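One structure below.
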Amino acid sequence: MPEVREQMPEPVAGRPGPIRHFTDLIVRQKAHAVSQKVFRLSKTWPAEERYALTDQVRRSSRSVGANLAEAWGKRRYEAAFVAKLVDADGEAHETEHWLINAEAHGYLSRDRFDDLRSRLHEVGRMLGSMINKPASFVAKR
C-alpha cells in the first residue's frame, strides 16, 4: 500500500508532520505506554494469577495498540477503520476491568490504579474522537 502513504497531507504550521505509520499516532504511543506499565506492574503479582488475571490484563492492554495498527492498515475503508478503532476501545475497557480486579485484590496500589485508569480514559477519549471523525485519518482513494 505504498500509494496510500504517499497521499498523506503535508504538515500544517504548528503541527507535527504527517502521520505516515501507525507508530506516529499519539494515541498508539499512549496505549503502548500503558501496556508497558501494565506488564511491569503485573510482574509483581502472585504466581497463581499467571494464567488468569495477569495473562488477561496483559493481552487486553497489548490489544489496544494491536487494534490501532490494524485500523491503520485498513484505513482505505472507513467502516473497517472505525470497526478496528471500536475494537481498540473495547480492549481499553477490558483492561480497565482487569485493573479494577487487580486493585480490589490488593495487587495494585490505589495511586497506580488511578494513574493507569486516567491514562486509559485519555486513550479512550482519543479513540472516541477518531471514531467520530475518521475522515482525516482515512486514506484518499
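Quick note: the coordinates plus some simple rules give every number you see, no bench work behind them. On a predicted model such as this, the values are computed, not experimentally measured, just so you know. Note: ideal-geometry Cβ built from the backbone for every residue, glycine included; neighbour counts use all protein chains shown.
Overview of results
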read-out: From Ala88, Ala102, residue being touching a Ser or Thr at 6+ places or on another chain (Cβ under 8 Å), more than 20 Å from Arg125 (Cβ to Cβ) and hydrophobic (A, V, I, L, M, F, W, C); value: Ala102
read-out: Condition check for Asp87: exposed (fewer than 15 other Cβ atoms within 10 Å of the Cβ) and either closer than 29 Å to Pro134 by Cα or not aromatic (Phe, Trp, Tyr) (or both); value: no
read-out: Qualifying position, being surrounded by fewer than 19 Cβ atoms within 10 Å (Cβ to Cβ) and among the aliphatic types (A, V, I, L, M), among Ala71, Ala135; value: Ala135
read-out: Scan of segment 83-141 for residues that are among the basic types (Lys, Arg), free of Cβ contacts under 8 Å to residues at least 24 places away in the same chain, more than 26 Å from Ala47 (Cβ to Cβ) and part of a helix (DSSP H, G or I), ordered by number; value: Lys84, Arg125
read-out: Boolean, Arg76 is in contact with a Lys or Arg (Cβ under 9 Å, 6 or more places away or on another chain), in a helix (DSSP H, G or I) and surrounded by fewer than 17 Cβ atoms within 10 Å (Cβ to Cβ); value: no
read-out: Residue count for segment 35-63, restricted to those that are under 24 Å from Ser109 (Cβ atoms) and either hydroxyl-bearing (Ser, Thr, Tyr) or touching a Gly at 6+ places or on another chain (Cβ under 9 Å) (or both); value: 7
read-out: Pairs, first within 17 Å of Ala139 (Cβ to Cβ) in segment 19-34, second exposed (fewer than 14 other Cβ atoms within 10 Å of the Cβ), C-beta under 6 Å, six or more apart; value: Arg20/Arg5
